[in-house]
Every structure is written in structure tokens, then in C-alpha cells.
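Written below as C-alpha cells is the structure these notes are about.
The values are calculated or read from the model by the stated rules, or taken from the named source; none is laboratory data. From a predicted model like this one, the values you see are computed outputs, not experimental measurements. Please note: Cβ atoms are built from the backbone with ideal geometry, for glycine as well, and neighbour counts cover all protein chains shown. Heavy atoms of the whole protein, side chains included, go into the accessibility calculation; ligands, DNA and RNA do not. Shrake-Rupley method; radii C 1.70, N 1.55, O 1.52, S 1.80 Å.
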Amino acid sequence: QSALSQPASVSGSPGQSITISCTGINSDGGRYKSVSWYQQRPGKAPKLLIYDVNYRPSGVSDRFSGSESVNTASLTISGLQTEDEAEYFCSSYSITDTLVIFGGGTTLTVL
Amino acid sequence: QVTLKESGPALVKPTQTLTLTCTFSGFSLTTSGMRVSWIRQPPGKALEWLARIDWDDDKFYSPSLQTRLTVSRDTSKNQVVLTMTNVDPVDTAIYYCARMPWTSGAFDLWGPGTLVTVSS
């Protein structure tokens, strides 16, 4: 299983929207994959933001949203805030082979 | 309140066996559909999924590490244990345990992690 591909870094200004891509979710034949997104602040454990492509756990701001197209999942953060500065990871999970694959991570800088 | 916490040695010598324990509260690993996974993160690098144990005691491993990993549970103590044999400096990482309560494969709650350094 190959790791998922994410841009190394993205940046935006407060109030703007940014999108982080995650490519390769169907690279091994198109079996159904469930995509999740995590936020990780320095020195902290990851926090679940999005699961099943576009569902938010209770307590996660609706400024975070997910979407999916052919072989690519995306995380959009709207109304950027300085507190959004963090590392963001995508992951895919296949019920068929029970494997979880993570992306390489994207550093978000809020200028 | 649901919590998970990892514990184990901070320093391990190459070729030794590493044993990590995840102690959790606020949920039961015997509840249908519940799973606990181990995930690691080398300093400054990406996350890597290692292993998983399910409510029915099924176990799953990363294909690249399955010969070195064993995951087990003690339901009476609410603990999940990961052993890794023949460790190498490349196994230096923060090791996390995380709860996986849904079929979506998402990890909804994580422990704070424990840093394990492999060095002679």
C-alpha cells in the first residue's frame, strides 16, 4: 500500500479559505475507501476533524469540511483563524483489507 | 469521559523487544464494533498505522511489520498491549494508541503518545 500524497505546505490569511488535497485514495483498484482528516498541533496527539469523507464529530467547527473526487479527497477550511495553524493528515481505510494508510501531512501556515 | 494513555520504556536497545501498554477508560473493548489501534510517528514525520485489535479479539497488522508485532488485550484491566521484536533505531517514534469505534476506520480519540527511542 502506497502512502497518500499531500502537499507539504499551504498558507492563507485570516478569513480566507484553503483546501488541502489527498491523492491516491483509489490507486489500488478503486475499492471503497473511507477517508478521514486529522489536525495535529505541535507536541500534541492528532485530533479527528472529518470521517467518512465529509462527516464531522461532535464539537468540530463547521469551518472544516471534506469532499472527494476521483482518487482525491480534500479538506477545506473556511474563515481561517490563527489557531488553525497545525499539521493536517488524511487517512484512508479499506474494510476489505482492514489497512489504514496515512498521507504525508500538510503544514498550514496562517499568515 | 473517554481516555487512553500509552506507557512503556522511553529507551530501548537495538535488537530488544519493546512492550507498550495502552490503558483506557470510558468504554469497553468488548462492545460490538469497538477497536483499538496502535499508530506511530517518527519525529517530524508522518503517521504510520501498526496494528489493531477488535471487540471480538480479531487482530490485524501492518503488512510491513507483521512479523515483528503482536497485539493483545486484557479486558479486565482495560488494556491493550503491543510488542515489537528486534527493534532498530528506525523504530524511534512517538507511539499512540487510538480508539476506532466505527466501521469508517476513523480514530476518534487518541492517547497523548509515548516517545520511544531506540539507541545503544
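If you take the residues in region A:77-107 that are of a type in the set (D, E, K, R) and farther than 18 Å from B:F107 by Cα, which one is nearest to the other protein chains (Cβ to nearest Cβ)?
My answer is A:E85.
Inside region B:69-113, can you point out the residues that are touching a strand residue (DSSP E or B) at 6+ places or on another chain (Cβ under 9 Å), of a type in the set (V, I, T) and either open to solvent by less than 10 Å² (accessible area, probe 1.4 Å) or closer than 25 Å to B:T30 by Cβ (or both)?
B:T70, B:V71, B:V80, B:V81, B:T83, B:V87, B:T103
Collect the residues in region B:84-104 that are at pLDDT below 95 and either under 21 Å from B:Q1 (Cα atoms) or touching a Gly at 6+ places or on another chain (Cβ under 9 Å) (or both), keeping them in residue-number order.
Passing the criteria: B:M100, B:P101, B:W102, B:T103.
Residue-wise test of (1) touching a helix residue (DSSP H, G or I) at 6+ places or on another chain (Cβ under 7 Å); (2) open to solvent by 80 Å² or more (accessible area, probe 1.4 Å); (3) part of a loop (DSSP other than H, G, I, E, B); (4) among the aliphatic types (A, V, I, L, M).
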residue: A:Q16; (1), (2), (3), (4): no, yes, yes, no
residue: A:S21; (1), (2), (3), (4): no, no, no, no
residue: A:W37; (1), (2), (3), (4): no, no, no, no
residue: A:A45; (1), (2), (3), (4): no, no, yes, yes
residue: A:L48; (1), (2), (3), (4): no, no, no, yes
residue: A:S61; (1), (2), (3), (4): no, no, yes, no
residue: A:G66; (1), (2), (3), (4): no, no, no, no
residue: A:G79; (1), (2), (3), (4): no, no, yes, no
residue: A:E83; (1), (2), (3), (4): no, yes, no, no
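If you check B:W55 against the conditions, is it open to solvent by 70 Å² or more (accessible area, probe 1.4 Å), of a type in the set (A, V, I, L, M, F, W, C) and in contact with a strand residue (DSSP E or B) (Cβ under 8 Å, 6 or more places away or on another chain)?
Judged against the criteria, B:W55 is a match.
Looking at region B:1-17, which of the residues that are among the charged types (D, E, K, R) and either touching a Cys at 6+ places or on another chain (Cβ under 7 Å) or more than 16 Å from B:R68 (Cβ to Cβ) (or both) is most open to solvent (accessible area, probe 1.4 Å)?
It comes out as B:K5.
Could you list all residues from region B:18-46 that are in contact with a strand residue (DSSP E or B) (Cβ under 6 Å, 6 or more places away or on another chain) and of a type in the set (S, T, N, Q)?
Result: B:T19, B:T21, B:T23, B:S25, B:S37, B:Q41.
Looking at region B:8-120, what strands (runs of 3 or more DSSP E) fall wholly within it and have at least 1 residues that are within 11 Å of chain A (Cβ to nearest Cβ)?
B:35-41, B:48-54, B:59-61, B:93-100, B:114-118
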